[in-house]
Every structure is written in C-alpha cells, then in structure tokens.
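Down below is the structure, laid out as structure tokens.
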Amino acid sequence: MSRYLIAVDLDGTLLRDDKTISERNVRALQAAREAGHEVMIATGRPQRHSIMYYEELGLTTPLINFNGALVHHPKDPSYAVTHRPIPLKTAHEIIEEVSETKAHNIVVEVTDHVYFHKDPQEFYSPYAERALSVTSGNLLKHLQEEPTSLLIHATKEHVDNVRARLNKVHAEAVLNRQWRMPEHMIEVMSQNTSKALGLREVSKHLGINRKNIIAFGDEENDLEMLDYVGTGVAMANAISQLKAVADEVTASNMEDGIAIYLEEKLGIKA
C-alpha cells in the first residue's frame, strides 16, 4: 500500500464538541501510523492550544498552526520554521479602522504572545490561556511586531462592512474568514497563508507526493487544503462550500468520521 500523509483539522473535525478526541479516532490514527503512514495536525489554533492533542496522539511530525501562518516541528528544533505574519503597517491600519466603533474587541497574536485592544472579559479569556505574555491597551502603541493572526470580534451591524473593506482595501496584503462560532469573529491573516501551503512544505519534507495526502476538515479555513490534496474529506457537519470542493464526505465529528473513513480507506482495524 502507498504511504499516506493524513492531515486532520481539530475543531469540528477530530475534536468532538466537548473538545476531546474519541477513543476510536485515537486508535484509528495510531493504527494508521503503525501501518507506516504519517499523521499530522493542521489547525487554525495557535501552538499553545493544539500541542496537548499533538502529545495525546504521540505525533512526531511537523505542526501547522494559525492556518499555515506558522509551520514548525515540536520535536525537532532543526526543522526550518515558516512564519507568515501580517505586515505591521497593514495590521495598524486595520486596527485603526475598526477599533472604535466596529468591534467589541480585537485579539492579536504574535505566535504565542497575545494582545487585546480592550481588557479581556470572560468571553475572551481562553485566548490568553498558556500565552507567553498578555498585553492589553492601545494596540497601535503596544503592537510593534508583525502579527501572526488578528481577530476582530465585530459588532453584528458592522461585520459585513468590515469584511467588505478588508476585501477591497487590504486584499493584496491579507485574507479574512468569518467563524461560525463565536459569531461575528473575523480572522485576518497574511495573504500568502493557507493550510495547503503548510501541507506542501511538510509533504516535501516527508517525501510524500501530493496525491497521497488525505485531509479532513469542516470549515472555511479548510477550503484550500481539501482542494489541494489528493483526497479531501469533508465532515458531515462541514459547511456546504467545503463539501462542494471535497472528494468525499464522512460522518460527523461526533460520529468518529475520521476513524470510519480511515478504517475503510486504509483497511486498518481501530
């Protein structure tokens, strides 16, 4: 059998709604590795909020964080880290445009250093967990490094306007996506960022052909990845756009969709 690289998104894909991995999914991914395949995580989460799942699965592969804005290897310090940040000038311009009237708050991350435009209330506290540093206040003053990610929690009445302006004025520098949960959260990243670019780097490093990559996802940030790989698999709970570009659809994140697919595709027993 061919050697595959299996890339799994976390939220809504590998993780159940309570943010845990089912025993069946763990066994299936372990069985895939024992059969000679490679397993990796490709997530929009930062390293600090994904490393626990990397360790739980016992992975030894590179890790894609921030949707490809950061690609690194937790186990191999010699691995060449890729960081695709947002230009600082562009970040400042966006912050200035939305900070006063169009956003409840803005969360900026420079890898695992976190900045808040306004003091984080309970709603935003998870973003600060395990951070190397947390800074609150005037982002135009405090943010002096190119950010890895910029999250705009837009007000309901301004969310469409903010996205339209990002697409019109800043499209050459950044791309943006809206999350389903939490509602009205707009994620801004460098224009040359995607999980697909991260997978291209990792698959080259591992010596695995693009056609032998299987990727699982459920959200807008998985579109490029599923379109790029040899076999793109959307979860049953995925957005309709993703199902349209996917090669196949498996069961939901609550129904062990990854395990079900791999057991059949690779002939493994979980």
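The values are calculated or read from the model by the stated rules, or taken from the named source; none is laboratory data. All values derive from a computational prediction rather than experimental measurement. Cβ atoms come from the backbone with ideal geometry, glycine included; neighbour counts cover every protein chain shown. With ligands, DNA and RNA removed, areas are computed over all heavy atoms of the protein, side chains included. Shrake-Rupley method; radii C 1.70, N 1.55, O 1.52, S 1.80 Å.
Can you name the residue in the range 161-197 that is charged (D, E, K, R) and closer than 29 Å to Gly232 by Cα and is also most open to solvent (accessible area, probe 1.4 Å) among such residues?
Across the range 161-197, the extreme among qualifying residues is Glu172.
Going by the structure shown, is Asn221 at pLDDT below 95, under 29 Å from His37 (Cβ atoms) and not in a strand (DSSP E or B)?
Answer is yes for this residue.
What number of residues within the range 168-181 satisfy the criterion of being of a type in the set (S, T, N, Q) and without any contact (Cβ under 8 Å) to a residue 40 or more places away in the chain?
Looking only at that region, the number is 1.
Looking at the range 255-268, which of its residues are outside any helix (DSSP H, G or I) and either within 13 Å of Leu29 (Cβ to Cβ) or open to solvent by less than 20 Å² (accessible area, probe 1.4 Å) (or both)?
Scanning the range 255-268 gives Asp256, Ile268.
Is there any pair linking a residue in the range 182-208 that is under 15 Å from Asp222 (Cβ atoms) to one that is open to solvent by 30 Å² or more (accessible area, probe 1.4 Å) and hydroxyl-bearing (Ser, Thr, Tyr), with Cβ under 6 Å and at least six apart or on different chains, and which?
If the second residue must be open to solvent by 30 Å² or more (accessible area, probe 1.4 Å) and hydroxyl-bearing (Ser, Thr, Tyr), the pairs left are Ala196/Tyr228.
Conditions: (1) more than 18 Å from Ala173 (Cα to Cα); (2) in the same structural domain as Glu157 (by the TED database). Glu96 meets all but one. Number of the miss?
(1)
Just a yes or no: is a residue in the range 189-197 touching a Ser or Thr at 6+ places or on another chain (Cβ under 9 Å) and farther than 30 Å from Ser99 by Cα?
Yes; the residues of the range 189-197 include at least one that is touching a Ser or Thr at 6+ places or on another chain (Cβ under 9 Å) and farther than 30 Å from Ser99 by Cα.
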